[in-house]
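Worksheet: one structure, shown below.
The values are calculated or read from the model by the stated rules, or taken from the named source; none is laboratory data. Owing to the predicted nature of the structure, the values given are computational and were not obtained by experimental measurement. Positions of Cβ are generated from backbone atoms using ideal geometry, with glycine treated the same way; all protein chains shown enter the neighbour counts. For accessibility, only protein heavy atoms count, side chains too; no ligands or nucleic acids. Shrake-Rupley method; radii C 1.70, N 1.55, O 1.52, S 1.80 Å.
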Amino acid sequence: MVMFRFTQESITQLSSPIQRMCMQRSSSSSTTESTTSTTPIKVYPNGDGYGKGNSLSLYLLSDSNENAYVRAKLRVLDQIRSNHVEKLVEGWPNATTNNNGWGYEKFVSLADLKDASKGLVVDDAIKVEVEFIGFSKTDSTLDVFY
(Lines give C-alpha, C1' and ligand atoms only; values in the text may rest on other atoms or scores of the structure.)
Protein backbone atom coordinates (compact mmCIF):
# COMPACT_ATOMS: atom_id res chain seq x y z
CA MET A 1 0.00 0.00 0.00
CA VAL A 2 1.30 3.46 -0.88
CA MET A 3 0.14 6.23 1.45
CA PHE A 4 0.59 10.00 1.34
CA ARG A 5 -0.40 12.46 4.08
CA PHE A 6 -0.30 16.16 4.92
CA THR A 7 -1.55 18.41 7.70
CA GLN A 8 -2.93 21.87 6.97
CA GLU A 9 -2.97 24.24 9.92
CA SER A 10 -5.20 27.33 10.23
CA ILE A 11 -7.78 25.62 8.00
CA THR A 12 -10.72 27.72 9.24
CA GLN A 13 -8.88 30.94 8.38
CA LEU A 14 -8.29 30.00 4.75
CA SER A 15 -10.59 30.90 1.89
CA SER A 16 -8.36 30.24 -1.13
CA PRO A 17 -7.59 26.79 -2.52
CA ILE A 18 -4.53 25.06 -1.11
CA GLN A 19 -2.30 22.94 -3.31
CA ARG A 20 0.12 20.82 -1.30
CA MET A 21 2.55 18.04 -1.98
CA CYS A 22 1.73 15.06 0.23
CA MET A 23 4.69 13.12 1.57
CA GLN A 24 4.77 9.35 1.25
CA ARG A 25 4.12 7.50 4.48
CA SER A 26 5.80 4.23 5.21
CA SER A 27 3.29 1.38 5.34
CA SER A 28 5.31 -0.28 8.10
CA SER A 29 4.94 2.60 10.56
CA SER A 30 2.10 5.04 10.98
CA THR A 31 4.40 7.72 12.38
CA THR A 32 7.35 7.57 9.97
CA GLU A 33 7.26 9.76 6.89
CA SER A 34 9.60 9.62 3.92
CA THR A 35 10.34 12.58 1.67
CA THR A 36 11.41 10.36 -1.22
CA SER A 37 8.07 10.62 -2.99
CA THR A 38 5.25 13.17 -3.13
CA THR A 39 1.86 13.57 -4.79
CA PRO A 40 -0.09 16.82 -5.28
CA ILE A 41 -3.41 17.39 -3.53
CA LYS A 42 -5.73 20.38 -3.89
CA VAL A 43 -8.08 21.38 -1.09
CA TYR A 44 -10.80 24.01 -1.36
CA PRO A 45 -11.60 24.83 2.30
CA ASN A 46 -14.88 26.54 1.33
CA GLY A 47 -15.74 24.31 -1.61
CA ASP A 48 -15.44 24.25 -5.37
CA GLY A 49 -18.22 24.04 -7.98
CA TYR A 50 -21.39 22.55 -6.43
CA GLY A 51 -19.59 22.34 -3.08
CA LYS A 52 -18.87 26.07 -2.90
CA GLY A 53 -20.07 27.46 0.40
CA ASN A 54 -21.27 24.12 1.80
CA SER A 55 -18.45 21.58 1.55
CA LEU A 56 -14.73 21.05 1.57
CA SER A 57 -13.63 19.98 -1.92
CA LEU A 58 -10.69 17.57 -2.28
CA TYR A 59 -8.76 16.49 -5.37
CA LEU A 60 -5.83 14.25 -6.17
CA LEU A 61 -3.95 15.97 -9.00
CA SER A 62 -1.98 14.58 -11.88
CA ASP A 63 1.65 15.23 -10.95
CA SER A 64 2.84 16.01 -14.47
CA ASN A 65 -0.46 16.25 -16.36
CA GLU A 66 0.17 12.71 -17.59
CA ASN A 67 -2.85 10.63 -18.42
CA ALA A 68 -3.07 7.72 -15.98
CA TYR A 69 -5.73 5.40 -14.66
CA VAL A 70 -5.84 5.60 -10.86
CA ARG A 71 -7.66 3.83 -8.05
CA ALA A 72 -7.11 5.55 -4.70
CA LYS A 73 -8.85 6.41 -1.46
CA LEU A 74 -9.00 10.05 -0.36
CA ARG A 75 -9.45 10.65 3.36
CA VAL A 76 -9.97 13.46 5.81
CA LEU A 77 -8.80 11.95 9.09
CA ASP A 78 -10.85 11.90 12.27
CA GLN A 79 -8.14 12.92 14.73
CA ILE A 80 -10.08 11.70 17.77
CA ARG A 81 -11.65 8.29 17.04
CA SER A 82 -10.30 7.24 13.63
CA ASN A 83 -13.78 7.48 12.08
CA HIS A 84 -12.32 8.94 8.88
CA VAL A 85 -14.26 10.40 5.95
CA GLU A 86 -13.13 8.30 3.00
CA LYS A 87 -14.08 8.24 -0.67
CA LEU A 88 -12.81 6.16 -3.56
CA VAL A 89 -11.58 7.76 -6.78
CA GLU A 90 -11.09 5.60 -9.83
CA GLY A 91 -10.56 6.25 -13.51
CA TRP A 92 -8.79 8.57 -15.86
CA PRO A 93 -8.27 12.19 -14.71
CA ASN A 94 -11.19 14.53 -15.20
CA ALA A 95 -9.74 16.90 -17.76
CA THR A 96 -12.96 18.95 -17.86
CA THR A 97 -12.28 20.41 -14.41
CA ASN A 98 -9.67 23.00 -13.53
CA ASN A 99 -8.05 20.37 -11.35
CA ASN A 100 -7.07 17.82 -14.02
CA GLY A 101 -7.36 15.03 -11.52
CA TRP A 102 -9.65 12.95 -9.38
CA GLY A 103 -11.84 14.09 -6.53
CA TYR A 104 -15.04 15.52 -5.16
CA GLU A 105 -16.61 18.98 -5.09
CA LYS A 106 -18.56 17.82 -2.01
CA PHE A 107 -16.05 15.71 -0.11
CA VAL A 108 -17.23 16.58 3.40
CA SER A 109 -19.77 19.16 4.54
CA LEU A 110 -18.59 22.34 6.24
CA ALA A 111 -21.08 21.54 9.04
CA ASP A 112 -19.25 18.26 9.73
CA LEU A 113 -15.89 20.05 9.65
CA LYS A 114 -17.11 22.59 12.19
CA ASP A 115 -18.59 19.90 14.45
CA ALA A 116 -15.79 19.40 17.03
CA SER A 117 -17.25 16.02 18.09
CA LYS A 118 -16.45 14.60 14.63
CA GLY A 119 -12.72 15.26 15.11
CA LEU A 120 -12.03 16.32 11.52
CA VAL A 121 -10.56 19.67 12.58
CA VAL A 122 -8.52 19.67 15.80
CA ASP A 123 -6.62 22.76 16.96
CA ASP A 124 -7.59 24.37 13.63
CA ALA A 125 -5.71 21.67 11.67
CA ILE A 126 -6.98 19.14 9.16
CA LYS A 127 -5.18 15.94 8.12
CA VAL A 128 -5.61 14.61 4.59
CA GLU A 129 -4.44 11.22 3.37
CA VAL A 130 -4.28 9.45 0.01
CA GLU A 131 -3.95 5.68 -0.28
CA PHE A 132 -3.05 4.45 -3.77
CA ILE A 133 -4.57 1.08 -4.55
CA GLY A 134 -3.62 0.87 -8.21
CA PHE A 135 -2.10 2.85 -11.05
CA SER A 136 -1.61 2.41 -14.81
CA LYS A 137 -0.41 4.71 -17.59
CA THR A 138 -1.67 2.48 -20.40
CA ASP A 139 -5.18 1.17 -19.60
CA SER A 140 -7.58 0.31 -16.82
CA THR A 141 -5.55 -2.84 -15.98
CA LEU A 142 -3.98 -1.61 -12.78
CA ASP A 143 -0.64 -2.26 -11.16
CA VAL A 144 -1.94 -3.03 -7.67
CA PHE A 145 -0.03 -1.90 -4.58
CA TYR A 146 0.16 -4.06 -1.49
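Yes/no per residue for (1) touching a Leu at 6+ places or on another chain (Cβ under 8 Å); (2) assigned to a helix (DSSP H, G or I); (3) modelled with pLDDT of 60 or more; (4) under 16 Å from VAL128 (Cβ atoms):
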residue: SER15; (1), (2), (3), (4): no, no, yes, no
residue: ARG20; (1), (2), (3), (4): no, no, yes, yes
residue: MET23; (1), (2), (3), (4): no, no, no, yes
residue: THR35; (1), (2), (3), (4): no, no, no, no
residue: ILE41; (1), (2), (3), (4): yes, no, yes, yes
residue: TYR50; (1), (2), (3), (4): no, yes, yes, no
- Select from segment 52-83 the residues that are at pLDDT 90 or above, open to solvent by 70 Å² or more (accessible area, probe 1.4 Å) and either under 26 Å from SER136 (Cβ atoms) or basic (Lys, Arg) (or both) and list them in ascending order. LYS52, ARG81
- Item | Every residue from segment 109-139 that is buried (at least 17 other Cβ atoms within 10 Å of the Cβ) and among the aromatic types (Phe, Trp, Tyr) | PHE132
- Note on the structure: Contact list, first residue from segment 110-135 and at positive phi, second anywhere and part of a helix (DSSP H, G or I) and open to solvent by 20 Å² or more (accessible area, probe 1.4 Å), beta-carbon distance below 7 Å, six or more apart or interchain, is ASP124/THR12
- Query: Does ILE126 satisfy the condition of being at pLDDT below 95 and closer than 16 Å to GLN8 by Cβ?
  - Reply: yes
- ILE11, sole failed condition from (1) among the β-branched types (Val, Ile, Thr); (2) at pLDDT below 75; (3) open to solvent by less than 70 Å² (accessible area, probe 1.4 Å): (2)
